[in-house]
Every structure is written in structure tokens, then in C-alpha cells.
Amino acid sequence: MRQAVVVLAKGFCMGAADVVPGVSGGTMAFILGIYQRLLEAIRAVDVRLLGLLWRGSVREAARHVDLEFLLPLALGIFAALMFFTRVVPLPSLIQTHPQLIYGLFFGLILASILVLLQEVGRVGWDGALVLAVGTGLGLLIVNLVPMETPETSLFAFLSGAVAITAMILPGISGSFILLILRKYTYVLDAVGRLDFAVLLPFALGAITGLMLFTRLLVWLLHRFYRMTLMLITGILIGSLWMVWPFQERIYETVRGKQRLLHATPIWPGHWAGTDWVAVGLVAVGLALVMAIHGMARSRPHPG
């Protein structure tokens, strides 16, 4: 029960991160030390699982898919999505207090980069090349220009498949991908209203993308562990452009709501109180991740 509560709390953190455009749930999974276990559990949804269920071997099927981990994690993610769309409107807080919210997450991501580099060890020229490629890829993705897209079930399915891929991959935010696809408000409003006409095709797309992409990631981590970590670290470095707390932000009004259209990192000309609070939250994010990483190293059991 204690472990289930801990995993549920980690799922809540992942869900909170997924609501924020520019912050990845995959990044949070890395920070919390559950990324590899998450990928393995998702990959276990396979033909063998179907066979076990067909034969009625429910307990063995639950062990095969690591249900004692996946179930509380999924509940935590769902609870966070509900909380930050219906109780505390986090997307609105990003618009009203962007420096503070992004300051905290900048510290979280910066610390996760340091943790990953520590995991990789000596970089070398080949690692530096992969790191540069990952950084370029991360910069390319976070600087994509939003575009118009249709509000159909098919496109909701495609949006779910693409967004879940970004959510699993550290450094790329699924919410930001939805923002690029002009589906961020569309999907979050559907979550808040429990509009299943939108949520069902989106969820089906997410499940499809999840099943396909996690297998690729697990294969890469098993065969090219160090280079895959370098690529992921590079993507994280590129994503810092998006979550730098000091930005010149341009919004547009859609259906009476302000939505972020473009943001350009700047250096504050005159430091105000909010700027210093944002710097303090960067330090809080750094310290929080380092503390969690230190506890994870002293207690090596999974999840």
C-alpha cells in the first residue's frame, strides 16, 4: 500500500507536468526514477498478455504487465489532469504567472539534464555529436509555429497519437505538441467537460501511439543505452528554450481565452520582485530534483 501511494504521487507529478506546455511527463518520469519501469510495463501489453487473459490467468497477466505499478500511476496522472483543469486551472496560471511557473520547471529540467549527464559519464566526440543533434531537434520542435487544424474525430485520434509520443519522450511536451496542432484548449476543455466525443478518439490515438513508440524506445535503450540517453539529454537542453522563465510572450484571443502564440527568451533589463522570485523557484526546482535523485540512489528499489 505504501509503495502504491508513492507511485500514485509520482503519477500525479507526471500528470501535472503534462498539463504544462513545454514540460514533458517523460521528463518528470526521469526525474522521479520510474522511466525505464514505465516503458517496460507499457511494452508488456502484448500478445502474451492477451493469451494470459484468454486463459483466465488474471494474476499472472497482472504481474506480466506490472499492474501494481501501472494502475496507481495511471490513477495519479488522471487525478492530476482533473485537479489542474477543474480545481486549479494550471493553464490559466501559466498565462497569469508565467515567470513563476516556468521558473520552477526550468530548474526541474536543468537538474534532470545534470542527472542524465552524470548517468552517461564521459561524453566523448560521438556522444557530443549525438548531444548536438538532440539539442537541435529539441530547438526545432519547441520553435514550430502553431497551425490551423480541423476539429474532427480522425484528427483527434492523430493528435492523441502524436501527443502521447511527446509525453513519453523526455524534453518534448505533449501539451506543447497539442498547442502546435491547435488542440490544447480543445482537448483540455473536453477533459474538463468530460466530452467523450472528443476524449474517446483522442484516447484511442494515444493508446495506439503509446504501444508503438514505447517498443521503439525500449529497443533503443537496450541496444544503444548511452547514445539514447545522450539524444534525450540533448532534447532536454533544447527544451530549455521553451521554459526559460523570462520571455517576451505574444498571445491571441480564441473563444474569449488567451492562448500563447509565440515566445522569445530575453534577459530582464530591470530586475523586479517577480524576476527574483522566478530565480528562487529555479533554485527550488534544482534542489528538489537533486534531493529526489539522492534519495533514489540511496534506495535503489524500483518505482
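Report, by residue number, each residue of the stretch 63-91 that is of a type outside the set (D, E, K, R), part of a helix (DSSP H, G or I) and more than 19 Å from G174 (Cβ to Cβ).
H64, L67, F69, L71, P72, V87, listed by residue number.
Read through the list (1) closer than 30 Å to Y225 by Cβ; (2) of a type outside the set (G, A, S); (3) touching a Gly at 6+ places or on another chain (Cβ under 6 Å), then give the number of the only condition that L81 fails.
Every condition holds for L81 apart from (1).
Of the residues A9, A29, which single one is surrounded by 20 or more Cβ atoms within 10 Å (Cβ to Cβ) and not basic (K, R)?
Selected residue: A29, the only one of A9, A29 that is surrounded by 20 or more Cβ atoms within 10 Å (Cβ to Cβ) and not basic (K, R).
Test of understanding: among G273, G294, G280, which residue is surrounded by fewer than 18 Cβ atoms within 10 Å (Cβ to Cβ), farther than 18 Å from G138 by Cβ and modelled with pLDDT under 75?
When all the criteria are applied, what remains is G294.
Taking only the stretch 225-243 into account, find how many residues are at pLDDT 85 or above and either more than 19 Å from L38 (Cβ to Cβ) or in contact with a Pro (Cβ under 6 Å, 6 or more places away or on another chain) (or both).
Going through the stretch 225-243 one residue at a time, the tally reaches 4.
Can you go through A166, A156 and tell me which one is closer than 24 Å to A263 by Cβ and surrounded by 15 or more Cβ atoms within 10 Å (Cβ to Cβ)?
Checking each option against the conditions leaves just A166.
Within the stretch 245-263, track down each residue that is at pLDDT below 85 and surrounded by 12 or more Cβ atoms within 10 Å (Cβ to Cβ).
Q247, R249, Y251, V254, K257, Q258, R259, L260, L261, H262, A263
Of the conditions (1) at pLDDT 80 or above; (2) under 30 Å from E119 (Cβ atoms); (3) loosely packed, with under 12 Cβ neighbours inside 10 Å, G285 satisfies every one except a single condition; which number is it?
(3)
Of all residues in the stretch 178-197 being in contact with a Ser or Thr (Cβ under 8 Å, 6 or more places away or on another chain) and part of a helix (DSSP H, G or I), which is modelled with the lowest pLDDT? Explain how you work it out, then say what you get.
Our first condition is that a residue be in contact with a Ser or Thr (Cβ under 8 Å, 6 or more places away or on another chain); within the stretch 178-197, this holds for 178, 181-184, 187-188, 191-192, 197.
Checking the rest, the ones that are also part of a helix (DSSP H, G or I) come to 178, 184, 187-188, 191-192, 197.
On the way: L178: 80, Y184: 76, V187: 85, L188: 78, V191: 80, G192: 73, A197: 90.
Result: G192.
Quick one: what pairs do we get from the stretch 198-225, first residue in contact (Cβ under 8 Å) with a residue 40 or more places away in the chain, second among the aromatic types (F, W, Y), C-beta under 8 Å, 6+ apart or different chains?
Within 8 Å, the pairs are V198/Y186; P201/F157; F202/F157; L204/F157; G205/F157; T208/F157.
Does T85 satisfy the condition of being of a type outside the set (A, V, I, L, M) and in contact (Cβ under 8 Å) with a residue 24 or more places away in the chain?
Criteria met by T85.
This table checks each residue for (1) small (G, A, S); (2) farther than 20 Å from L32 by Cα; (3) more than 17 Å from the chain's Cα centre (by Cα).
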| residue | (1), (2), (3) |
| --- | --- |
| L49 | no, yes, yes |
| L53 | no, yes, yes |
| E60 | no, yes, yes |
| F69 | no, no, yes |
| L81 | no, no, no |
| V87 | no, yes, yes |
| H97 | no, yes, yes |
| L114 | no, no, yes |
| L129 | no, yes, yes |
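Looking for something outside any helix (DSSP H, G or I) and free of Cβ contacts under 8 Å to residues at least 12 places away in the same chain - is there at least one such residue anywhere in the stretch 128-141?
Filtering the stretch 128-141 for residues outside any helix (DSSP H, G or I) gives none.
Within the stretch 128-141 (the criterion being outside any helix (DSSP H, G or I) and free of Cβ contacts under 8 Å to residues at least 12 places away in the same chain), the answer is no, since none of the residues qualifies.
Would it be correct to say that G209 is under 28 Å from V87 (Cα atoms), of a type outside the set (A, V, I, L, M) and under 20 Å from the mean Cα position of the chain (by Cα)?
no
The values are calculated or read from the model by the stated rules, or taken from the named source; none is laboratory data. Just so you know, these numbers come straight off a predicted model, no measurement behind them. Cβ coordinates were reconstructed from backbone atoms using ideal geometry, including for glycine residues, and neighbour counts include every protein chain displayed.
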